[in-house]
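I have placed the structure first, in the form of structure tokens, so that the comments after it can refer back to it.
Computed from the coordinates by the stated procedures, all read-outs in this text should not be read as laboratory data. Everything quoted here is computed from the prediction, not taken from an experiment. Every residue, glycine as well, gets a Cβ built from its backbone with ideal geometry; the counts of neighbours run over all protein chains shown.
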Amino acid sequence: MATQYTDLELAINTLVTNFHSASSSNADTLTAQEFQNMLSQEMPDMVKTEGDQGGLNKLLKDMGVEEGKNVTFNNFWGLVNSLATSQFGLQSKEKQVKCVKCILL
């Protein structure tokens, strides 16, 4: 009998699988270039670094990646956390605006 995974379980599996498959050498970490390629392919609307070395360097620094070091899954998970928190904030504000509109009507 096949296991039925929830959408959340599938999403977590996708994050882990896509991170590790972005490594050309099957390593546990990604080079800055591999990471940038993954972001441009998998998260093009949420993270824009393609062709912007300065933007990539700032993102890596914000993620806690030391200069010249590879990106770990833990670093990537921090980025996912930040993006999810921002997304929740945006959705929360949209709900507040809708509620204000309801009160005004």
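What ranking, highest mean first, results for peptides 72-85, 26-39 when packing means the other Cβ atoms within 10 Å averaged over each residue?
Values: 72-85: 14.8, 26-39: 17.3.
Most protected by this proxy first, the peptides run 26-39, 72-85.
If packing is taken as the average number of other Cβ atoms within 10 Å across a peptide's residues, how do 54-60, 13-19 rank, most packed first? If you can, show how the numbers build up before the last one.
Working: 54-60: 15.6, 13-19: 13.9.
Order by mean packing, descending: 54-60, 13-19.
If we count every other residue with Cβ under 14 angstrom of SER21's Cβ, Lys/Arg +1 and Asp/Glu -1, where does the sum land? Mind dumping the intermediate values first?
On the way: positive: none; negative: ASP28, GLU34, GLU42.
Charge balance in the 14 Å sphere: -3.
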